[in-house]
Amino acid sequence: MELLQMLTRRGGGGRQEVPHSGDRDGNAHVSQGLPRHTEITRQGGGYQSMTTAAVAGLVVRPSTVALFTLWNGEPDGGMTYIVDRAFAFNLVSGAAQAFYGIWLCLHPTGMTKPTSDITAIKSLSGKSGYGGKAILDVDATVVDDGWFPYGPAGEAEEVGVLPGGILEAPIEGKLLVPPSAGVSIHVVSSTVNEDFTAGFGWYGAYRQQPGDGEFDSPAHYEFFCRHRREDRRSRDGELPGGVWRWSPGELTQAPHGGRHRGEQKAPGG
């Protein structure tokens with residue numbers, strides 16, 4: 001495949017050819033060079049933030065009060081926040097065994113702008129400061145747009161009141177927060193004596209990219225970023241080997257010199 005040849009020519013940080021192999025069915029044998037998410041983090045749009053004071057977990061399903069809310073304050077057509085993970089920490093534990101888990105609620109576009117309670121937003125790529133438009137609210141009153149459990153359960157020990165376990169829900173792009181939308185987190189516990197801090201990690205990326213559609217996963221966005229050229233004068237992403245165009249769910253290659261979709265797809269498309 002021309003796509004495979006194009007990728008191998010870029011192997012090793014240059015454009016030289018590198019050996020590759022496949023099985024009898026035509027599947028390529030590949031290995032991952034860098035750890036997962038390295039490329040999208042390198043783009044510089046990754047951030048994380050969390051609450052500082054512990055809030056009591058609920059003993060019922062969450063409804064109209066959130067422990068922590070991330071709201072996207074970008075203008076229409078601005079960055080979408082790709083939720084990478086949600087997490088909570090059992091900062092205060094009661095002297096009884098307890099079980100607890102993370103619940104999340106995705107609020108659609110048009111959500112009322114919440115109060116900005118947390119301004120400490122930290123880069124995942126070592127950048128100083130935060131110039132984005134995320135708003136983070138503690139104990140916000142929200143619309144119940146549907147709460148769902150995420151990630152594994154945690155457990156508190158039967159004795160002592162020291163800090164306890166960490167909860168993490170690896171979202172990895174399965175929740176997208178477009179401009180004027182939001183996402184909330186709360187923790188549901190089996191007792192009223194468990195208090196938690198909570199937070200989110202996310203990436204900011206423009207869903208509407210050069211091309212004629214949207215990126216619908218971090219993997220697709222990473223693929224495009226790795227191979228697009230710096231010349232962005234065209235609406236199409238000009239990748240090595242010809243003109244590439246995006247349509248929902250696939251990255252396709254047009255014939256050389258043309259702008260019609262071909263048959264080639266990006267991995268995972």
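See the values below:
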item	result
Simple spin-label estimate for VAL65 and ASN27 in nanometres, 7 Å along Cα-Cβ	5.1
Residue order, fewest to most beta carbons within 10 Å, for PHE196, PHE89	PHE89, PHE196
Ranked packing of 115-128, 24-37, 142-155, most packed first, by mean Cβ within 10 Å	142-155, 115-128, 24-37
Kirkwood estimate for region 53-175, i.e. one over the average of 1/r between Cα atoms, Å	16.2
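Each value in this text was obtained by applying a stated rule to the coordinates, not by laboratory testing. Values in this document were obtained by computation on a predicted structure and should not be read as measured data. Here Cβ is always computed from backbone atoms with ideal geometry, including for glycine, and neighbour counts include all displayed protein chains.
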